[in-house]
Amino acid sequence: MLVDEKDVYSIAEWCVASKISTALYFKEKREGRGPRIAHTGRRTIVIESPREYYSRIAQDAESALEVTA
């Protein structure tokens, strides 16, 4: 279960809400599978809730399975 739903997260807050490590966050981001982000000045904020993110990657995985079937 996700801890908190809000509109905008810092990377650290998003990782806590998603219950993942920051290392895994940056690995997913590096591989093009991270959550949507925005840059505001010198800060990077996550603009996709964990619920939206996991829903999106689940749909992507289902689409990939349909293509290979």
| request: Go through segment 30-49 residue by residue and tally those that are buried (at least 16 other Cβ atoms within 10 Å of the Cβ) and either more than 12 Å from Ile11 (Cα to Cα) or of a type in the set (Asp, Glu) (or both). | output: 1
| query | Which of the residues belonging to segment 6-24 are surrounded by 12 or more Cβ atoms within 10 Å (Cβ to Cβ) and not hydroxyl-bearing (Ser, Thr, Tyr)? | reply | Val8, Ile11, Glu13, Trp14, Cys15, Val16, Ala17, Ile20, Leu24
| request: Test Lys27 against the stated conditions and say whether it is modelled with pLDDT under 95 and open to solvent by 70 Å² or more (accessible area, probe 1.4 Å). | output: no
| task | May I ask you to list the residues in segment 50-65 that are open to solvent by 70 Å² or more (accessible area, probe 1.4 Å) and either under 18 Å from Val8 (Cβ atoms) or of a type in the set (Gly, Ala, Ser) (or both)? | result | Arg51, Glu52, Tyr54
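The values are calculated or read from the model by the stated rules, or taken from the named source; none is laboratory data. If you're wondering where the values come from, they're calculated on a predicted model, not measured in any experiment. Glycine gets a Cβ as well: all are built from the backbone with ideal geometry, and neighbour counts include every protein chain shown. Accessible surface is based on the protein model in full, side chains and every heavy atom, while ligands, DNA and RNA are left aside. Shrake-Rupley method; radii C 1.70, N 1.55, O 1.52, S 1.80 Å.
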